[in-house]
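Enquirer: Here it is, the structure in full.
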Amino acid sequence: MAEFAATVYQNEFLPDGGTDVNAIVTVTCAGAGTAGQSGSGAAGEVIIVDTSGSMGHETMEGAKDAAQAALAEIIDGTMFAVIAGTERATLVFPPVQAGPALVVMDASSRQQASAAIAGFRATGGTAIGSWLDLAGTVFASVPEVTQRHAILLTDGENGEQPAVLDAAIKRATGYFQCDCRGAGTDWKVQELRRIATALLGTVDILPSPAEMPEDFRAMMQTAMGRGVADAQLRVWAPQGAQVLFVRQVAPTVEDLTDRRVPVNALTGGYPTGAWGDESRDYHVAVRLPAKAVGQEQLAARVQVAIGDDVAAQGLVKATWSNDSELTAKIDKQVAHYTGQTELASMIQEGLAAKAAGDDATATTKLGRAVQLAAETGNEEATTRLRKVVDVDDEKEGTVRLKKTVDKADEMALDTASTKTTRIKK
């Protein structure tokens, strides 16, 4: 049985007239078990591989190896399917008979699926929306599957109208999770990020075919280790208060504010997806009506709910004080993750400006990113930034855009922009 715990980090003291309370809530899950084994329903996995004509021989062979690696990690008893994606989605395993369906993983189905993957051939266009729709249809074929996860690999830009892909993403949102990977450098980071963000997944670049199998193996191992099918973060705030935002800030930055669904008049629920044995951090900000010095108030109650059951709870408090030594302090965790969130924005905005030919804005934004990466101890971001800019002064954020940049390095910086580091103890 999985056990959740919630720990709150904050400075609860507000100055006279102060209204805004910020807290970092660390949620930890232990004893999650294996996907589909929690008693809340079976687990389903769909592997989606781009088999369009742009997939060159080496990339196609790498994609096959990656799909085989993922297949090998699916635990017996899990329901699964394999989709090949071109300008339409094709269910390559199981063979379509009565209609799209999931099948149980065992020695026989694993062997048959492996043979189907070996038969992938590169031809046709790219219509990612149709791939997502078929995955949804396949998942729906087995109602008892309540834990739904897909892996999607593409090497190119989507050929559908943006509205078509948007509609497909909307249909999949809240129904299944999806990790997205881009092969090579001819795909759009923003396109895959849009899918991964909506479907509570990850996005990354696989510049070379040799990197694909290990990445797919790790993704599937992670998925198989998520024994809690779904958890909801609930935030209660008192009458008259306003929840300014709710963000996941570790291991990645994901703004959940607009994903709120009402639980009751004072409580909102935010999706977090499936859980394994892991820890995630959330930044919650609440605006309260100011109270007199000396008064105390519960600013928020942050809970983790599995279905109707509350599995963990953390309390966010507010105390008004005229002691400036107490009220001026910014909690280290809050300060750290505020910087990490700004870092993600600066990288994405800087790269967008660079792509648009606005070198002045790009230099300013990426310079600020270098400064923030150093301040927050994000060494991975620092290393990736140095492949895109020459750093004159890390502390001041003074940089120059490199004259030539490997496109893969630029895309890797973009995809990794939302990855955060925890505060050094």
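Enquirer: Over all directions, how big on average is the projection of the convex hull of the alpha-carbon atoms in the chain, in square nanometres?
Expert: Values: hull surface 87.7 nm².
Reported value for the Cα convex hull: 21.9 nm².
Enquirer: Follow-up. Select from A107, Y9, F80 the residue farthest towards the positive end of the dipole of the range 1-113; place +1 on Cβ of Lys and Arg, -1 on Cβ of Asp and Glu, and compute about the Cα centre.
Expert: A107
Enquirer: Suppose we keep just the DSSP beta bridges with both residues in the range 1-131; what percent of those would be antiparallel, to 5? Walk me through the intermediate numbers first.
Expert: Values: 14 of 21 bridges.
The answer is about 65 percent antiparallel.
Enquirer: Based only on Cα atoms, what Rg/Rh ratio does the range 46-89 have, Rh being taken as Kirkwood's radius?
Expert: On the way: Rg = 11.6 Å, Rh = 11.3 Å.
When Rh is taken as the Kirkwood radius, the ratio is 1.02.
Enquirer: Turning to a different aspect of this structure: At what distance in angstrom do the alpha carbon centres of the range 331-395 and the range 112-168 lie from each other?
Expert: First find each Cα centre; the distance between them is then 34 Å.
Enquirer: Ranked highest first by the average count of other Cβ atoms within 10 Å around their residues, in what order do 209-215, 160-166 fall? Can you show the working numbers first?
Expert: Details: 209-215: 17.6, 160-166: 13.9.
Ranking, from highest mean packing down: 209-215, 160-166.
Enquirer: Report the rotationally averaged projected area of the range 60-194 based on its alpha-carbon convex hull, in square nanometres. Can you show the working numbers first?
Expert: Working: hull surface 31.8 nm².
Answer in nm², one decimal: 7.9.
Enquirer: Quick check of the Kirkwood formula: for the range 6-134, what is the inverse mean of 1/r over all pairs of different Cα atoms, in Å?
Expert: Values: mean 1/r = 0.0563 Å⁻¹.
After inverting the pairwise mean of 1/r, the radius is 17.7 Å.
Enquirer: Could you give the nm distance between label points at D16 and A140, where each point is 7 Å from its Cα heading toward the beta carbon?
Expert: Here the answer is 6.2 nm between the modelled labels.
Enquirer: Against the 2.2 N^0.38 Å scaling, with N counting residues, where does the range 214-361 land? I'd like the Cα-based Rg ratio to two decimal places.
Expert: Details: Rg = 18.8 Å, N = 148, 2.2 N^0.38 = 14.7 Å.
Dividing the Cα radius of gyration by 2.2 N^0.38 Å gives 1.28.
Enquirer: For the range 266-377, which whole-number percentage of the solvent-accessible area (1.4 Å probe, protein heavy atoms only) is attributable to carbon and sulfur atoms? Write out the running numbers ahead of the final one.
Expert: On the way: 2280 of 4720 Å².
Ligands and nucleic acids excluded, carbon and sulfur reach 48 percent.
Enquirer: Right, here's the next one. If you take the C-alpha gyration tensor of the range 132-281, multiply each eigenvalue by 5 and take the square root, what semi-axes do you get, largest first, in whole Å? The partial results should precede the final answer.
Expert: Details: eigenvalues 160, 63, 57 Å².
So the three semi-axes of the range 132-281 are 28, 18, 17 Å.
Enquirer: Among DSSP beta bridges whose residues both lie in the chain, state the antiparallel percentage, nearest 5.
Expert: Values: 63 of 90 bridges.
Taking every DSSP beta bridge within the chain, about 70 percent pair in antiparallel fashion.
Enquirer: Can you give the Rg/Rh ratio of the range 106-176, where Rg is from the C-alpha atoms and Rh is the Kirkwood radius?
Expert: Numbers: Rg = 14.3 Å, Rh = 14.1 Å.
With Rg and the Kirkwood Rh in hand, the quotient comes to 1.01.
Enquirer: Compute the accessible area per residue over the chain, keeping the other protein chains in place, probe 1.4 Å, unit Å².
Expert: On the way: 18380 Å² over 425 residues.
Per residue, the chain has an accessible area of 43 Å².
Enquirer: Shifting gears a bit: How are the C-alpha pair distances of the range 20-69 spread across 10 Å bins, as whole percents from the shortest bin up?
Expert: All Cα pairs considered, the percentages come to 17, 24, 20, 23, 13, 2.
Enquirer: Where Rh is the Kirkwood radius over the Cα pairs of the range 251-330, the temperature 4 °C and the viscosity 1.567 mPa s, what D in µm²/s does Stokes-Einstein return?
Expert: Working: Rh = 15.3 Å.
D = 85 µm²/s.
Enquirer: How many percent of all Cα-Cα pairs in the range 286-331 sit more than 15 Å apart?
Expert: Details: 598 of 1035 pairs.
Value for the range 286-331 (Cα pairs over 15 Å): 58 percent.
Enquirer: Additional query: So what is the relative contact order of the chain, in percent, for Cα pairs below 8 Å that sit 6 or more residues apart? Walk me through the intermediate numbers first.
Expert: Values: 976 pairs, mean separation 83.2, N = 425.
Dividing the mean separation by the residue count of the chain yields 20 percent.
Enquirer: With unit charges on the beta carbons (Lys and Arg positive, Asp and Glu negative) and the dipole taken about the Cα centre of the range 147-293, which residue among V243, V253, A231 sits farthest to the positive side?
Expert: My answer, from the dipole projection, is V243.
Enquirer: Okay, moving on. Past the 20 angstrom mark, what percentage of all C-alpha to C-alpha distances in the range 298-425 do you count?
Expert: On the way: 4364 of 8128 pairs.
The calculated P(r) of the range 298-425 puts 54 percent of pairs beyond 20 Å.
Enquirer: Leaving ligands, DNA and RNA out of it, rank H57, H149 by accessible area with a 1.4 Å probe, largest first. Please report the intermediate quantities before stating the final value.
Expert: Working: H57 140, H149 15 Å².
Largest accessible area first, the residues go H57, H149.
Enquirer: For the range 42-195, give me the percentage of DSSP beta bridges that are antiparallel, rounded to the nearest 5 percent. Could the numbers behind the result be given before it?
Expert: Working: 6 of 27 bridges.
In the range 42-195, approximately 20 percent of DSSP beta bridges are antiparallel ones.
Enquirer: Here's a follow-up. Could you work out the helix-only [θ] at 222 nm for the chain, with each DSSP H run of four or more residues adding -39,500 (n - 2.57) and the total divided by the number of residues, to the nearest 500 deg cm²/dmol?
Expert: Taken over the chain, the calculation gives -10000 deg cm²/dmol.
Enquirer: With a 1.4 Å probe and every protein chain left in place, tell me how much accessible area S130 has, in Å² to the nearest 10.
Expert: 30
The values are calculated or read from the model by the stated rules, or taken from the named source; none is laboratory data. Being a predicted model, the structure only gives us computed values, none of them experimental. Please note: Cβ atoms are built from the backbone with ideal geometry, for glycine as well, and neighbour counts cover all protein chains shown. When the accessible area is computed, the model is the full protein with side chains, heavy atoms only, and any ligands, DNA or RNA have been set aside. Shrake-Rupley method; radii C 1.70, N 1.55, O 1.52, S 1.80 Å.
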